[in-house]
Amino acid sequence: MKRDLQLAKKVLQSEAKAILGLIPHVNQGFESALDLIEDCAGRVIVTGMGKPGLIGRKIAATLASTGTPSLFLHPAEAVHGDLGMVTKQDIVIAISNSGETEEVTRLLSIIKKIGAKLIAMTGHLKSTLAKHADVVLNIAISSEACPWGLAPTASTTAALAMGDALAVCAAKRRGFKEEDFAFYHPGGNLGKKLLRVSDIMRKGKAYAVVKSGTTVQKALLAITAARAGSCSVIDSKGKLIGIFTDGDLRRHLDEQGSRILSCPITKLATRHPSVILEDQLAAEALSRLRDRKIDELPVVDKKGKAVGLLDVQDLLKAGFI
């Protein structure tokens, strides 16, 4: 068991060394690769065979999820028709530690004929892959982490780290923001954390809003049309002044009787209700609903104008509850 732990630590040390060894290689070539990606009018196509291919899939996925259109092309499938995916507007990132992987090198002349730019990610700068590339990213390592120096371990870790560095820097250049990340991750927990109120609030025909002079009867018709449980009340300038809910209706029904339908909505509505700004996080809205033990929040812009409504059911549909 002690030997197992020692070996595991040695593997981690070797892979950490491989990553740290990349730092001197982040130079003008890296900048040139970023320039190509930034100016790319098409997509970044990543290719690699075997274990580097698995790393390539991850790099392509990271690029795509951070705003750089990208896909993975299997080199063996490429020569059987999938090269039709590549256009002269694209950039190809080819990964091969040796730079001599047959399935990868036989694509080089065709990529050149198509007119796509080629970024090589290799550990051998005099290899066939490096010689044919427009830009070379050096991912050389001193040795693999496995005891026999055979299994791709430290080399694939180095390739993955270099790919992550490219993706992050490319996203930064593109001005990628948190809300963009949420847009590309609508189904994940990370995306939910970054969703804004404006992304899930009720608006348009699903949002009941009436002016201050409206009667209760017309307000109820507006609520019914929107299939909602409340309506926002606004002044002549569109600013929110209150909210009218079915609870407000029940509370005043006994004292008003049938006359309640002709009452002005402002007489029954809750004035100065809790609100939330449209650009706040949806997670903040959930917290506010829970703290105040309410089911609905009128949504306003920075000038206080009513722009929508957030119901607890909207948060439920978005997966927050």
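No lab work stands behind these numbers, since they all come straight from the coordinates. As the structure is a computational prediction, the values presented were derived from the model and not from experiment. In this analysis, Cβ positions are derived from the backbone assuming ideal geometry, glycine residues included, and neighbour counts consider all displayed protein chains.
Quick look at the numbers
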quantity: Packing-based exposure ordering (other Cβ within 10 Å, fewest first) of Ser98, Ser236, Ser143, Ser127; calculated: Ser236, Ser143, Ser98, Ser127
quantity: Phi to ³J(HN,Hα) by Karplus 6.51 cos²θ - 1.76 cosθ + 1.60 over the range 279-287, Hz, x for Gly, Pro; calculated: 8, 7, 5, 4, 4, 5, 5, 4, 4
quantity: For the chain, share of DSSP beta bridges that run antiparallel, in % to the nearest 5; calculated: 40 percent
quantity: Percent RCO, i.e. relative contact order, over the chain, from Cα pairs under 8 Å lying at least 6 residues apart; calculated: 14 percent
quantity: Exposure proxy order (Cβ contacts within 10 Å, fewest to most) of Tyr184, Tyr207; calculated: Tyr184, Tyr207
quantity: Sequence-distant residues sharing a close amide H with Ile234 (under 5 Å, placed H); calculated: Val210, Lys211, Ser212, Ile241
quantity: Theoretical ellipticity at 222 nm over the chain - DSSP helices of four or more residues, -39500 (n - 2.57) apiece, nearest 500; calculated: -13000 deg cm²/dmol
quantity: Helix axis angle, 154-173 relative to the chain longest principal axis, alpha carbon, degrees; calculated: 50 degrees
quantity: Cα-based equivalent ellipsoid of the range 1-145: semi-axis lengths in Å, sorted from largest, via gyration tensor; calculated: 28, 16, 15
quantity: Loop-resident sites, the range 240-321, for trypsin sites (Lys or Arg not before Pro), counting at most 16 other Cβ within 10 Å (DSSP); calculated: Lys293, Lys302, Lys303
quantity: Ranked list, fewest to most other Cβ atoms within 10 Å of each Cβ, for Cys146, Cys169; calculated: Cys146, Cys169
